[in-house]
1. What is the one condition in (1) modelled with pLDDT of 95 or more; (2) closer than 25 Å to E147 by Cα that W75 does not satisfy?
2. Report the residue count in region 37-77 for those that are part of a loop (DSSP other than H, G, I, E, B) and within 22 Å of the chain's Cα centre (by Cα).
3. Can you pull out every residue in region 103-114 that is hydrophobic (A, V, I, L, M, F, W, C) and either open to solvent by less than 40 Å² (accessible area, probe 1.4 Å) or in contact with a Gly (Cβ under 6 Å, 6 or more places away or on another chain) (or both)?
4. Residue check, A82 against (1) in contact (Cβ under 8 Å) with a residue 40 or more places away in the chain; (2) under 23 Å from I24 (Cβ atoms); (3) open to solvent by 10 Å² or more (accessible area, probe 1.4 Å), all met but one. Which one?
5. Out of all the residues in region 131-168, which are over 16 Å from the mean Cα position of the chain (by Cα), of a type in the set (A, V, I, L, M), assigned to a helix (DSSP H, G or I) and surrounded by 17 or more Cβ atoms within 10 Å (Cβ to Cβ)?
6. Find all pairs meeting these conditions: Cβ atoms under 6 angstrom apart; at least six residues apart or on different chains; first residue within region 138-150 and without any contact (Cβ under 8 Å) to a residue 60 or more places away in the chain; second residue open to solvent by 70 Å² or more (accessible area, probe 1.4 Å).
7. Considering only region 78-109, state which residues are of a type outside the set (A, V, I, L, M, F, W, C), under 26 Å from R173 (Cβ atoms) and in a loop (DSSP other than H, G, I, E, B).
8. Which of the residues spanning region 149-180 are modelled with pLDDT under 85 and either touching a Cys at 6+ places or on another chain (Cβ under 9 Å) or farther than 27 Å from N47 by Cβ (or both)?
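The values are calculated or read from the model by the stated rules, or taken from the named source; none is laboratory data. Here the structure is a predicted model, which is why all the values come from computation and not from measurement. Here the Cβ is made from the backbone with ideal geometry for all residues, glycine too, and neighbour counts use every protein chain on show. What goes into the accessible areas is simple: the full protein's heavy atoms, side chains included, and nothing from ligands, DNA or RNA. Shrake-Rupley method; radii C 1.70, N 1.55, O 1.52, S 1.80 Å.
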Amino acid sequence: MIRIVLLCASLLAPRLMAGIDVDIDAYGESLGGWKDNTVDYALSGANYRTYKPEITPSPDGGIFVSVRIDHRRGWLASDDHAVLEVSFAPDGSVSSAKSTLAIQGRTISSDLIRSSANAGAKLTGAEGAVKVGANLVADLSSKLLLEKIVEAGRVSYPAAVRHNYNLLYQALRQHTEPSLTIDPPAAESEEPAKPAKAPALEIKPYGEKEKK
């Protein structure tokens with residue numbers, strides 16, 4: 001019975017697997033501190049509200065993060081809404097990013113900014129993230145201009161999206177977690193295995209050269 005228990009324990013030995021996640025508490029603190037599921041803050045004279053991100057594991061071992069960002073326009077006006085979507089590779093690099101703004105019943109969507117196409121295949125880590133963020137904001141800003149939107153808080157909306165993008169990247173964490181894996185059972189022998197003897201240590205006086 002004891003042998004069976006030991007065999008099961010060895011088969012279910014935990015192995016460490018690397019992964020990434022977002023430190024939601026750190027992300028909220030960088031914006032001003034969560035109050036329930038949101039945080040309010042001001043940028044360039046306009047008021048914004050960020051909601052706690054939704055995080056989904058990706059099939060490749062990375063994560064997909066979606067963040068809602070509202071432009072707070074006051075009691076007598078309807079708020080604008082934005083969604084920031086970022087895909088992170090297993091090593092923490094940004095794979096792609098996209099943002100959609102909903103303003104006055106109009107929807108303004110950025111292109112899907114990919115790190116391979118827009119940041120260059122050789123740019124990874126922080127350099128790649130900076131390039132993707134810059135391209136994302138440039139694309140949103142150009143489309144806002146085409147819509148002839150001039151209100152201060154709305155013109156700076158892409159900057160608020162970039163602000164959240166930067167802080168989200170800084171809140172990214174690499175971690176390891178145990179994962180159960182099953183090893184093939186070792187062949188049983190009739191006699192219990194004898195412990196292997198450790199090799200004898202050859203102690204030589206300090207400074208003595210090995211004889212050839």
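1. W75 satisfies every listed condition except (1).
2. 8
3. Within region 103-114, I103, I108, I113 meet the criteria.
4. Going through (1) in contact (Cβ under 8 Å) with a residue 40 or more places away in the chain; (2) under 23 Å from I24 (Cβ atoms); (3) open to solvent by 10 Å² or more (accessible area, probe 1.4 Å) one by one, A82 breaks only (3).
5. Selection gives L136, V137, L140, L144, A160, V161.
6. D139/D111
7. Restricting attention to region 78-109, the residues satisfying the condition of being of a type outside the set (A, V, I, L, M, F, W, C) are 78-81, 85, 87, 90-93, 95-96, 98-100, 104-107, 109.
Restricting the remaining residues to those that are under 26 Å from R173 (Cβ atoms) gives 85, 87, 90-93, 95-96, 98-99.
The answer is P90, D91, G92, S93.
8. H175, T176, E177, P178, S179, L180
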